[in-house]
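> Sharing a structure below in structure tokens format, with a few things to ask.
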Amino acid sequence: MDPQQASRAGEGVACEGMLPLAWREAASEPDALRLAGLAERNQAVVRTVLALEDLGTDSAEDGGGAGGELARIESKLNLLLDLVAELLDGQRTVPASRPVRLSSTWIEWGGSNLPPIGARVEVEIYLHPSFPRPLRLGGEIGAGRAFETPSVLLAFDPLPEPGQESLERLIFRRHRRSIAQERARQRPSP
């Protein structure tokens, strides 16, 4: 889909926020072998982020017993993840956060140092602060419109079905969570 069409159509559900994002120009369209490797890697990244976002959502409601044991295991796992992330922070430079709108078929971001319209690029998007491994997606740049600052929109190269479904699930969860948070903010305090 043309990046302009994706932007105008508001295709699908999107989530917004500040995410670390870096881009680089791609020499050409990737071959099938590279696409397959990226798809497998990206699916692992999304699965891990979904699992990280699930941690702690059920254990707080369980109270004691098996739920209490699960909460202890989750807290140990969180500690381990924090320690590993801290170690990796020293080895990998995570890019600056930018305003981002992300859907399962495109990403729009604003700020400075944007790629030119029509350029073929690959982006790295860091989806979770405890997991410093980026989602990598490529495609063609179009003009963005969602932000007050200059922005661009990248329409993704087609993703294999399992990767597309995982990304859709992540986007839907984040979109639903943002709606719930907005409703909670708008409710009058008792």
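A short reminder: the numbers here are calculations on the coordinates, not readings from a lab. This one's a predicted model, so the numbers in the text were calculated from it and none came from an experiment. A quick note on method: Cβ atoms are made from the backbone with ideal geometry, for glycine too, and the neighbour counts reach across all protein chains shown.
> List every residue whose amide H lies under 5 Å from the amide H of Gly139, counting only residues 5 or more places away in sequence or on a different chain, with H placed 1.01 Å from N in the peptide plane.
Those lying under 5 Å, H to H, from Gly139 are Val121, Asp157.
> Compute the signed sum of charges (Lys and Arg +1, Asp and Glu -1) over the other residues within less than 9 Å, Cβ to Cβ, of Ala26.
-1
> Below 10 angstrom from the Cβ of Leu137, what's the summed charge of the other residues (Lys, Arg +1; Asp, Glu -1)?
So the environment of Leu137 carries a net charge of -2.
> Then there is this: Can you compute 3J(HN,Hα) from phi for each residue in segment 36-45, using the Karplus curve 6.51 cos²θ - 1.76 cosθ + 1.60 with θ = phi - 60°, rounded to whole Hz and x for Gly and Pro?
5, x, 5, 4, 5, 5, 4, 5, 5, 5
> Give me a comma-separated list of calculated 3J(HN,Hα) values for segment 124-134, in order, Karplus coefficients 6.51, -1.76, 1.60 applied at θ = phi - 60°, integers in Hz, x for any Gly or Pro.
Listing the rounded values in order: 10, 10, 8, 8, 8, x, 8, 9, x, 10, x Hz.
> Over all alpha-carbon pairs of segment 103-162, lay out the pair-distance distribution in 5 Å bins, whole %, shortest bin first.
4, 18, 26, 24, 17, 9, 2
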